[in-house]
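The values are calculated or read from the model by the stated rules, or taken from the named source; none is laboratory data. These numbers come from a predicted model, not from an experiment. Here the Cβ positions follow ideal geometry from the backbone for every residue, glycine too, while neighbour counts run over all protein chains shown.
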């Protein structure tokens, strides 16, 4: 039988709670770019909610609800295009999902592999802390970087660096910034002091203004009279 196909797609079995989400995800996965081009990166595709609604025979609001839910659960990322041209959908972890080697049956762990797994367990706290800070699922590449930092500096220092990074940068803090804190702690401590001094200055300025607003002339204790205090005895 002569089969004319453009290629094949390995679709992962993910724990979707809703049937509609799973069907839409599979459709997006098949459409995603497997070779980056000028317009799209690996694992990206362009969609219009109205067209998807027509293809699946669901309402546009149902399609959008499923897309938003999948984004919240860490399956996809949505970027709205200007001029109502639709959305760029990014399949998160697409590069890992299309690798056949990732679906091989796990073998019995050797002693050296068990030791390596224990090392991975040691970075669990740092990994979970970073994941909570960014409020999304962390990909394998990011997890690997956290593992390297834990190996080099220890989990406690890495966790302190993560806390400092998000204190100074907020949600825009990246692993590169965490690495910079670990590599050059003196510079970051100086920034923390500047940050603390700024907060302290604002507090002192506010207290000063409050004091200025309530202060006034103090009336003399004895009216307008002047004189010397006589010493008794």
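Just a few scattered comments:
- Scanning segment 97-116 for residues that are surrounded by 14 or more Cβ atoms within 10 Å (Cβ to Cβ) and either out of contact with any strand residue (DSSP E or B) (no Cβ under 8 Å at 6 or more places or on another chain) or at pLDDT below 65 (or both) yields a single hit, 98.
- Residue match in segment 79-87 (condition: modelled with pLDDT of 90 or more, surrounded by 15 or more Cβ atoms within 10 Å (Cβ to Cβ) and outside the structural domain of residue 140 (by TED's automatic domain parsing)): yes
- Count - residues of segment 167-210 that are at pLDDT below 85 and buried (at least 18 other Cβ atoms within 10 Å of the Cβ): 2
- Residues of segment 140-152 that are within 17 Å of residue 97 (Cα to Cα) and surrounded by 14 or more Cβ atoms within 10 Å (Cβ to Cβ): 142, 143.
- Any hit, segment 143-166, residues being modelled with pLDDT under 80 and touching a helix residue (DSSP H, G or I) at 6+ places or on another chain (Cβ under 7 Å): no
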